[in-house]
Amino acid sequence: MQRALVPVRSSRWCSFAAVIVVALCTGCGGDRADQPITAEPTTSVAAPLGESTTSTARRGTVLPPAPATDDRPFVSSIDVIDAEVADRVVGVSWREGCPVPLSDLRYLTVSFTDFSGQAQVGELIVAADLADEVVSIFAVLFAERFPIERMSLVDDYGGDDLTSMVDNNTSAFNCRFVDGSEKWSDHAFGRAIDINPLINPWVRAGSVSPVEGTPYADRTVARAGGIYDGSAVVAAFTDRGWTWGGNWESSKDYQHFSAD
């Protein structure tokens with residue numbers, strides 16, 4: 001089940017607060033996403049579609065998705081970064097010297113279908129001018145019942161991109177450099193989103209990031225939550241002018257979408 005959201009900050013929440021309560025209660029049996037992040041959790045690695053899950057990895061519970069039977073409607077909200085959200089992100093994913101001020105970012109909530117086929121509500125921070133478009137993209141993914149394991153701010157992982165990826169967490173804004181460089185990432189502008197990053201790893205020069213995603217680097221095997229060329233997920237972004245990292249030439253970042 002999706003991590004519980006922070007307390008209500010805007011009247012826009014009121015229209016779907018009941019949906020969130022239901023979503024939270026649905027998995028009260030103790031899904032690991034509701035537990036504090038510990039140093040060494042043991043979890044399952046995704047199997048190809050139609051196969052059972054038997055091997056283990058360090059982090060990231062990835063299970064074959066159940067049929068989507070939850071008929072709750074898509075819900076979303078777009079809000080400015082208020083004091084409560086700022087308290088979560090300042091000094092973690094955002095700090096003085098970042099290329100965008102908090103006023104140029106927006107806090108979003110969007111519905112997504114989890115790996116049990118249930119509707120959950122996740123959170124993202126993106127550039128203000130992309131907020132409406134991002135909501136429309138995730139509305140498409142929700143309509144397609146594309147499974148997403150979890151969607152929490154990277155601040156829940158101390159702003160550590162690698163930890164978030166290994167936990168298969170879908171996220172957007174993070175004021176950081178491109179790995180191995182001193183160039184701002186598109187994430188630092190709120191103009192990139194990584195989806196199911198454990199099972200859609202970044203493959204470059206014979207290496208895989210995160211390394212725990214190595215079993216998923218073979219893109220000839222279709223897996224639950226995987227993003228593949230020609231899929232509805234890719235089209236939802238590229239039809240709106242976004243770039244997919246799976247189309248890059250020098251490397252393949254299958255989790256990554258960025259707005260041009």
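The values are calculated or read from the model by the stated rules, or taken from the named source; none is laboratory data. All values reported here derive from a predicted model rather than from experimental measurement. Every residue, glycine among them, receives a Cβ derived from its backbone with ideal geometry; neighbour counts consider all protein chains shown. Quick note on the areas: whole protein, heavy atoms, side chains included, nothing else; ligands and nucleic acids left out. Shrake-Rupley method; radii C 1.70, N 1.55, O 1.52, S 1.80 Å.
Observations, loosely collected:
- Taking the numbered list (1) out of contact with any strand residue (DSSP E or B) (no Cβ under 8 Å at 6 or more places or on another chain); (2) among the aliphatic types (A, V, I, L, M); (3) more than 22 Å from Ala143 (Cβ to Cβ) in turn, Ala205 passes all entries but (1).
- Meets criteria (in contact with a Lys or Arg (Cβ under 8 Å, 6 or more places away or on another chain), under 19 Å from Thr243 (Cβ atoms) and among the polar types (S, T, N, Q)) for Thr170: yes
- All positions within segment 118-131 that are in a helix (DSSP H, G or I) and of a type in the set (A, V, I, L, M): Ala128, Leu130, Ala131
- Near pairs, Cβ below 6 angstrom, 6+ apart or cross-chain, from segment 235-260 (surrounded by 19 or more Cβ atoms within 10 Å (Cβ to Cβ)) to any residue that is in a loop (DSSP other than H, G, I, E, B): Gly246/Tyr254; Tyr254/Asn200; Tyr254/Ile227; Gln255/Ile195; Gln255/Pro197; Gln255/Asn200; Ala259/Arg191
- Meets criteria (in contact (Cβ under 8 Å) with a residue 40 or more places away in the chain and aliphatic (A, V, I, L, M)) for Val178: no
- Residue check, Val134 of a type outside the set (Lys, Arg), buried (at least 23 other Cβ atoms within 10 Å of the Cβ) and either assigned to a helix (DSSP H, G or I) or more than 15 Å from the chain's Cα centre (by Cα) (or both): yes
- Selected residue (criterion: least open to solvent (accessible area, probe 1.4 Å)) from residues of segment 80-111 that are out of contact with any Asp or Glu (no Cβ under 9 Å at 6 or more places or on another chain) and assigned to a helix (DSSP H, G or I): Ala86
- Of the residues making up segment 138-149, none is at pLDDT below 95 and assigned to a strand (DSSP E or B).
- Of everything in segment 210-234 that is open to solvent by less than 50 Å² (accessible area, probe 1.4 Å) and β-branched (Val, Ile, Thr), the residue that is farthest from Glu144 (Cα to Cα) is Val221.
- Scanning segment 157-200 for residues that are among the aliphatic types (A, V, I, L, M), open to solvent by 40 Å² or more (accessible area, probe 1.4 Å) and assigned to a loop (DSSP other than H, G, I, E, B) yields one hit, Val178.
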